[in-house]
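Have a look at the structure below before the remarks.
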Amino acid sequence: MFELLEPICLVTYFADECNEELAALGHRTYWDGYFASRAAPLGRVPAQVVHAAFYSFAEGEAARHIPSAWETIPPEASLAARERGSAASVRRILGDELADSPGLVRAADLTTRAATSAPTEGRVNYAGMRTLPVPSDPVARLWHSATMLREHRGDGHVAALVGARIGGTEAHVLSALEMGIHPPESFGRIHHLPKKRLAAVMAGLRERGLVDAESRFTDAGRETKQRIEDLTDELAAPPYDALSPAELDELITELEPLTATLVAAGSQ
């Protein structure tokens with residue numbers, strides 16, 4: 001389900017329409033729009049709360065955008081722009097034939113049932129999205145519900161990372177190693193961080209035996225990464241309990257051509 005739904009969500013970050021909608025509101029940078037719109041379901045919380053909920057950003061990154069991104073642009077406006085732009089991207093990429101198909105409507109309905117059925121306890125970002133109205137337009141509803149499930153999975157991933165005592169920057173290092181990026185400090189999500197901070201992170205991972213002297217995975221590091229991923233998958237399962245096995249099979253069938261089209265376009 002992650003592989004089927006993730007390309008729907010990625011249009012928010014890869015395609016132009018969402019960023020254009022947010023820029024039209026007055027957000028000066030991509031990251032102003034990102035933090036303003038993604039954090040909006042949490043309400044006007046301090047940067048420290050956004051930092052805690054998002055987990056993987058370095059200290060101070062959320063504070064560069066929150067609350068300043070909300071001072072002249074209401075969070076609700078940023079949220080609406082994100083949905084409007086993301087739905088427009090999905091529709092453009094799919095084309096009218098797929099976007100207006102009965103299969104998409106059915107996929108949106110089943111995804112929404114799953115996305116609105118899981119417990120919210122301990123799922124801060126997911127709980128925030130659960131407070132939002134579900135769009136009536138099927139394309140927007142599919143994007144919205146897929147994004148709810150993405151936040152649900154993300155909250156579970158954070159829980160798995162906390163349980164394994166892996167911080168946000170450490171998680172990026174492990175992901176970089178899994179992707180074959182070496183040195184892992186060159187990974188795009190962390191390469192801009194202060195060298196002193198990155199050196200401390202790598203030293204901590206070596207001290208725990210998760211990476212070796214050459215900044216590569218040890219067996220223990222690889223096992224830790226896999227354990228986190230397995231637990232993330234396990235914690236992502238509850239929403240789909242709302243669907244019967246036949247409905248889950250139907251959802252997979254209806255999503256496959258939609259996802260294939262989005263993947264072929266790179267969700268752009």
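Table for the structure above
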{"quantity": "Only Lys, Arg (+1) and Asp, Glu (-1) charged, at Cβ; region 168-254 dipole about Cα centre in debye", "calculated": "1020"}
{"quantity": "Sites ARG206 and GLN226, calculated FRET efficiency, Cβ-Cβ separation with R0 22 Å, nearest 0.05", "calculated": "0.70"}
{"quantity": "For region 24-130, average projected area of the Cα convex hull in nm²", "calculated": "7.8"}
{"quantity": "Length-normalised contact order for the chain - Cα pairs under 8 Å, 6+ apart - percent", "calculated": "27"}
{"quantity": "Extreme residue, positive dipole direction of the chain, given options GLY85, ALA176, SER101 (C-beta unit charges)", "calculated": "ALA176"}
{"quantity": "Total charge dipole magnitude, region 1-139, about the Cα centre, Cβ charges on Lys, Arg, Asp, Glu only, Debye to nearest 20", "calculated": "360"}
{"quantity": "HN-Hα J in Hz across region 222-231 - Karplus 6.51, -1.76, 1.60, θ = phi - 60°, x for Gly and Pro", "calculated": "5, 5, 5, 4, 5, 5, 5, 5, 5, 5"}
{"quantity": "Solvent-accessible heavy-atom area per residue, rounded to whole Å², over region 141-212 at 1.4 Å", "calculated": "43"}
{"quantity": "Packing-based ranking, highest mean first, of 180-191, 141-152, 24-35 given that Cβ atoms within 10 Å are counted", "calculated": "141-152, 24-35, 180-191"}
{"quantity": "Principal axis dimensions, the chain - Cα atoms, whole angstrom, descending", "calculated": "55, 47, 35"}
{"quantity": "Candidate residues MET179, MET129: accessible-area rank, largest first, probe 1.4 Å", "calculated": "MET179, MET129"}
{"quantity": "Angle in degrees between helix 16-25 and the longest Cα principal axis of the chain, rounded to the nearest 10", "calculated": "90"}
{"quantity": "Nearest 10 degrees, 0 to 90: helix 138-163 Cα axis against the chain principal axis", "calculated": "20"}
{"quantity": "Sequence-distant residues sharing a close amide H with VAL211 (under 5 Å, placed H)", "calculated": "ARG206, THR218"}
{"quantity": "Cα Rg, Dmax, region 115-268, angstrom units", "calculated": "18.5, 54"}
{"quantity": "Within the chain: Cβ-based charge dipole about Cα centre, in debye rounded to nearest 20 (Lys, Arg +1; Asp, Glu -1)", "calculated": "1060"}
{"quantity": "Carbon/sulfur fraction of accessible area - the chain, other protein chains in place, 1.4 Å, %", "calculated": "54"}
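The values are calculated or read from the model by the stated rules, or taken from the named source; none is laboratory data. All of these numbers come straight from a predicted model, not from anything done at the bench. Cβ coordinates were reconstructed from backbone atoms using ideal geometry, including for glycine residues, and neighbour counts include every protein chain displayed. SASA here: full protein model, heavy atoms, side chains in, ligands and nucleic acids out. Shrake-Rupley method; radii C 1.70, N 1.55, O 1.52, S 1.80 Å.
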